[in-house]
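Presented below is the structure to which this report refers.
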Amino acid sequence: MAGAWRRWPVVVAATVVLAVAAPVQAAPQVPCYFVFGDSLVDNGNNNDIVSLARANYPPYGIDFAGGAATGRFSNGLTTVDVICKLSYFLPKLLGFEDFIPPFAGASSDQLLTGVNFASAAAGIREETGQQLGARISFSGQVQNYQSAVQQLVSILGDEDTAAAHLSQCIFTVGMGSNDYLNNYFMPAFYNTGSQYTPEQYADDLAARYAQLLRAMYSNGARKVALVGVGQVGCSPNELAQQSANGVTCVERINSAIRIFNQKLVGLVDQFNTLPGAHFTYINIYGIFDDILGAPGSHGLKVTNQGCCGVGRNNGQVTCLPFQTPCANRHEYAFWDAFHPTEAANVLVGQRTYSARLQSDVHPVDLRTLASL
């Protein structure tokens, strides 16, 4: 099968008819969108597994359509939701008619337009997040993708047709946060922090990452965005535990993450030498740094506390079932101890799709990637 893939050669428009008429929906910019990642973009894959890393209970989803707790670790939309189908009063970006569904329970027909493989607590390393119970590591997500590709070949009739289809899809991969949060900087459960220097650990993660990206490429992935790790040291949980004033970010965590993110830039350059490959890096760290540096200009007021949580910074314990969250969620950067609010996700998702600063992406944003 892999050999077959290696043989490859290399906005939303709306027309208002009447003031009360519905807009005419243009076709999506790409035929399909596949998502790999962790709790930042998980939309339900962990709902039915034995894990503490689940969000299928209120008040999660309080601002999602119908107030549904779908398994998204936010009060509403994730960045992936923003990218594929931005609802409410904001324009759609990639232009899909609906959200990309979780792989768990997805139908064969849904595979044609893409699925979300992300799993909360997942990491690049297999052991990452194990103290939280079951999760689907990056390698497990890639295995699920390979299974989906086999189904696509059956649906579309042959490998060449499936190859042509997949070559136009967008793939976003956001891994690594848990390898720091729930591994390297958690000495009570893991010894990686004493085994590796930050540089050595980043090298180890990048090597494992590259191996799995090669498996994706061998199975048809061509337009791939590597989403960098954000400022974990600025999350309410880390501020609560390690910041003297509860405001200043934890630099030893953030500095280690910057080393890893730089490795991702190198991976992008490396993979872009392969036939037909269009890889790019999304600088989430820089985007979030820009937002936290001037929150008021982005409509935010509270950046060091969770909207829903317990203890210092509302970050010592994450949002509990049926807990009453803050009322002014649109003014918070963080929803719970670890995850952004919908308001922050909208800001990040928009800049992922259409870069505001040159430093937001390397070399292109998703809007440009979709057109390649």
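The values are calculated or read from the model by the stated rules, or taken from the named source; none is laboratory data. Predicted, not measured: the structure shown is a model, and the values here were computed from it. No Cβ is skipped: glycine too gets one built from the backbone with ideal geometry, and neighbour counts run over all protein chains shown. What goes into the accessible areas is simple: the full protein's heavy atoms, side chains included, and nothing from ligands, DNA or RNA. Shrake-Rupley method; radii C 1.70, N 1.55, O 1.52, S 1.80 Å.
Structural remarks
- A search for C-beta distances below 6 Å between a residue of segment 25-38 that is among the small types (G, A, S) and any residue that is open to solvent by 10 Å² or more (accessible area, probe 1.4 Å), counting only pairs 6+ apart in sequence or on different chains, returns A26/V12; A26/A13; G37/G174.
- The numbered conditions (1) of a type outside the set (V, I, T); (2) modelled with pLDDT under 95; (3) touching a strand residue (DSSP E or B) at 6+ places or on another chain (Cβ under 8 Å) are all true for P102 except (2).
- Residue list for segment 229-244, restricted to those being polar (S, T, N, Q), surrounded by 22 or more Cβ atoms within 10 Å (Cβ to Cβ) and outside any loop (DSSP other than H, G, I, E, B): N237
- Beta carbons closer than 8 Å, at least 6 apart along the sequence or on distinct chains, pair a first residue in segment 242-257 that is among the polar types (S, T, N, Q) with a second that is assigned to a loop (DSSP other than H, G, I, E, B) for Q242/V250; S243/C249; S243/V250; N254/Q231.
- Residue match in segment 50-65 (condition: farther than 30 Å from N328 by Cα and part of a loop (DSSP other than H, G, I, E, B)): yes
- Within segment 304-335, considering residues that are over 12 Å from N237 (Cα atoms) and part of a strand (DSSP E or B), the one farthest from the chain's Cα centre (by Cα): Y332
- Scanning segment 34-69 for residues that are surrounded by fewer than 19 Cβ atoms within 10 Å (Cβ to Cβ) and either basic (K, R) or within 18 Å of A122 (Cβ to Cβ) (or both) turns up D48, I49, V50, S51, L52, N56.
- First in segment 350-372 and under 17 Å from L264 (Cα atoms), second anywhere and surrounded by fewer than 19 Cβ atoms within 10 Å (Cβ to Cβ), Cβ under 6 Å, 6 or more apart: H362/V265; D365/S354
- Residue ID - nearest to I291 (Cα to Cα), chosen from residues in segment 324-357 that are open to solvent by less than 20 Å² (accessible area, probe 1.4 Å) and polar (S, T, N, Q): N345
For every residue, the table says whether it meets (1) open to solvent by 30 Å² or more (accessible area, probe 1.4 Å); (2) charged (D, E, K, R); (3) assigned to a loop (DSSP other than H, G, I, E, B).
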{"position": "Q131", "(1), (2), (3)": "yes, no, no"}
{"position": "Q151", "(1), (2), (3)": "yes, no, no"}
{"position": "I155", "(1), (2), (3)": "yes, no, no"}
{"position": "A162", "(1), (2), (3)": "no, no, no"}
{"position": "H165", "(1), (2), (3)": "yes, no, no"}
{"position": "D179", "(1), (2), (3)": "no, yes, no"}
{"position": "G193", "(1), (2), (3)": "yes, no, no"}
{"position": "A202", "(1), (2), (3)": "no, no, no"}
{"position": "A215", "(1), (2), (3)": "no, no, no"}
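- Flag if V80 is in a helix (DSSP H, G or I) and within 13 Å of the chain's Cα centre (by Cα): yes
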